1. Go through region 113-139 and give me each residue that's within 19 Å of LYS213 (Cα to Cα) and of a type outside the set (Lys, Arg).
2. Please work out which residue is modelled with the lowest pLDDT, limiting yourself to region 170-188 and to residues that are in a helix (DSSP H, G or I), in contact with a helix residue (DSSP H, G or I) (Cβ under 9 Å, 6 or more places away or on another chain) and open to solvent by 30 Å² or more (accessible area, probe 1.4 Å).
3. Would you be able to say whether some residue in region 452-467 is touching an Asp or Glu at 6+ places or on another chain (Cβ under 8 Å) and closer than 18 Å to MET597 by Cβ?
4. Taking interchain pairs and intrachain pairs at least six residues apart, which have beta carbon atoms under 9 angstrom, with the first residue in region 343-369 and touching a residue at least 40 places away in the same chain (Cβ under 8 Å) and open to solvent by 30 Å² or more (accessible area, probe 1.4 Å) and the second acidic (Asp, Glu) and assigned to a strand (DSSP E or B)?
5. Kindly indicate whether any position in region 402-420 is open to solvent by less than 20 Å² (accessible area, probe 1.4 Å), under 29 Å from GLY524 (Cβ atoms) and in contact with a Lys or Arg (Cβ under 7 Å, 6 or more places away or on another chain).
6. Tell me, which residue of region 468-480 that is under 9 Å from SER454 (Cα atoms) and either open to solvent by 10 Å² or more (accessible area, probe 1.4 Å) or under 24 Å from the mean Cα position of the chain (by Cα) (or both) is modelled with the lowest pLDDT?
7. Exactly one condition in (1) in contact with a Pro (Cβ under 6 Å, 6 or more places away or on another chain); (2) assigned to a strand (DSSP E or B) is false for SER353; which is it?
8. Which condition number does VAL137 fail, the rest of (1) among the β-branched types (Val, Ile, Thr); (2) within 14 Å of LEU167 (Cα to Cα); (3) in contact (Cβ under 8 Å) with a residue 40 or more places away in the chain being met?
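The values are calculated or read from the model by the stated rules, or taken from the named source; none is laboratory data. Keep in mind that this is a model prediction, so the values were computed, not measured. Using ideal geometry, Cβ is built from the backbone for each residue, glycine included, and neighbour counts are taken over all protein chains shown. SASA here: full protein model, heavy atoms, side chains in, ligands and nucleic acids out. Shrake-Rupley method; radii C 1.70, N 1.55, O 1.52, S 1.80 Å.
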Amino acid sequence: MRNKRNLNSKSNMKQYEDLLAIVQRLKAIPKAKAGLAFKVKIFFASLFPSIFIPATERRAGEEHRALKRSLPFKIAVSAGISLVLLFAIFGGLTVAARNTKPGDPLYTFKKAGENVSLAFTFNQKNKAKKYLELANVRLSEVQKLIESKEAEHENIELASIDYNSKLKSASEIMGKRDFAGGFELTGEIKNLKTKQSNIERTLASSEPEILLKRASGARIEVVDSKGGTKALCGKTAIEGMADRNGVFEFDIDARNTDPKELLRNLDVVVELDGRKQIAPIAPVSSAFSPQYEATIEPSLEVLPLNTPQDFELQLRRKDGMPVENAQVRISDRTGTSTINGMLGDAYLKTDSSGMCRFEVEKKFARVTSRISLSVLQNGVFHDLGDVLTLGGLETLSEAAGAPPEFNTSKNVIELSNGIISVRIGKIPGQILSKITSLSDGGEAGPLLSPLENSKIFDGPKIIFSGNDQVACQVVFDSSGQRWRYTIILARGEPFVYVKCEGEQESNGMAFKQDFLKLEISPSGEVIIPEGKIPMPRASETISSPFNVAKPFLLAGGEEKVFFACLLNSELYPDSWSITRNSIGVESSASKGTMTLMVGITKGETAGAMAEKASRGALIEDAKLSNMNEGFTVKLNPDSRKLQDKMTRVSIIVYKNYSTVFDNGN
């Protein structure tokens, strides 16, 4: 019996040891961690047990779970998760799109992120600053697009339009009466304008067509100048509209003829924005023969009416040597322009370098002038064919008011548009002598140049006259420093534009001086953006800091003298300068371009103009758009053959008077 008990105890001990060994092995197993997929499954199973958990496992506590997992609760939780996921995805895409530019796949998310940031910026000063920061981003994008060398014109224009929009939004905020901090942000706007000017200069010198806006929606007519060539498939003209990219396509019959030769006889008529231009599709500024090569400078395609233009002819032999003392005949075979002031033939003689100069003035705008060259050899004139083709430009105004006119007599030019008249005399230091209101005789002037001891280097002279504008120019010189002033009077406006261009030597030192000064009658009050102030005392000078958001100054009684700086200027004043007898601007800039508006008008009209200036709207309404500038027509390189005798020609039309940075159309 004892032996049997011992055997049982040994058996129990063995089982106990085996169990201990199993426990130790279980303890040695690493703890399991639930994976992400498992956790997600458990999470959604808790939300939607009817989908993830079998019915037999859901019976216990079903009433309690039904209360806790009701439909509104599920919807709320699902919506919350969706929003979190959406914001996470949106945030990630916004970060990824930070360095994109127009045309890139993620650029839309970059713009969306900017709009969200603006929506959550409530302080007005911070909002204006945010708009200026985004305007700077748009300019940087334009630079990147230019540097890429493969930029689409549409993308550059897209960035430029948004740049203008952001700048305008900032100006509108800064122009509010209760806005504080305008002067602080003025410097940022000046920096943006400087950056914009640098971009424009770079494009103008390298790829000017990228800078120009496309003539979207222009009326186009392609005309066969010879009429009987049947180049346009039996038609004398083809009409249509340019598409949104300024592109117009048409077919030519190139059977048994070089398409390039056919294009030389085709003219294109473009009509848009009150302008109508005719110009050759393939302009000519050179001619060749077996003996000679002739070139013309400058290489122009269009001349405005009644605007004389000087040209230079270079005549060489085929070996490149100049043809000295050769008699040449230059003729306009269309009879639409004068050469050296005369219709018909002009006979000239080349100098020792094979050059001669002549002047062309366009007299009829609706036909391209085709000017031919002949060289006298052995008593016979040998025809080199067309050496110069010049289209014409005219303005077709529907604006209110009388067309501006000019009158010239004894070194004095008078400009008038029925509202004001402007007198410009040949007097050193005076940009213009007098501005007169034609309604009641109110006067202001003269407008003085800042150059000391300046003399007139060139002008005054009329440089353009059209239905909407007349422009006069005068150049002052003082010890080699030159400033060019262009005075432009537009139809229906109570003011003139004064465009100042030049460079002031500063010997490497900062300086500040009167940039322009307009003499006025000492009466009434002065209105500056901050409010009204009395006219200064006889010996007093008031300097008021210039605010880009409110770029105007008013002075006088009921008749107000109006002074404003346009927001498309390359540089801006530092301050307004006000004395008892004058108002003007001060500037420390050494070079650049500033465009001012100077006028005289009734108080209520002046107040409305001041309000426009505060809203940044003057630049939109300004008619300073160079009506003497028309269109550029370029052959699209993707012209292609359709059949043996047909060729599809594509042209692109650009507006010379409007860049991608301009507001409006």
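1. Residues of region 113-139 within 19 Å of LYS213 (Cα to Cα): 138-139.
Residue satisfying the conditions is LEU139 alone.
2. GLU184
3. No, that holds for no residue.
4. Close Cβ pairs (under 9 Å, with a partner that is acidic (Asp, Glu) and assigned to a strand (DSSP E or B)) amount to MET355/GLU312; ARG357/ASP310; ARG357/GLU312; GLU359/ASP310; ARG366/GLU394; VAL367/ASP267.
5. As a first pass, look at region 402-420 and keep what is open to solvent by less than 20 Å² (accessible area, probe 1.4 Å): 404, 413, 415, 417, 420.
Subset that is under 29 Å from GLY524 (Cβ atoms): 404, 415, 417, 420.
Remaining after also requiring in contact with a Lys or Arg (Cβ under 7 Å, 6 or more places away or on another chain): 404, 417.
Yes, region 402-420 has at least one match.
6. Only one residue tops the list, namely SER479.
7. (2)
8. Looking at each condition in turn, VAL137 falls short on (3).
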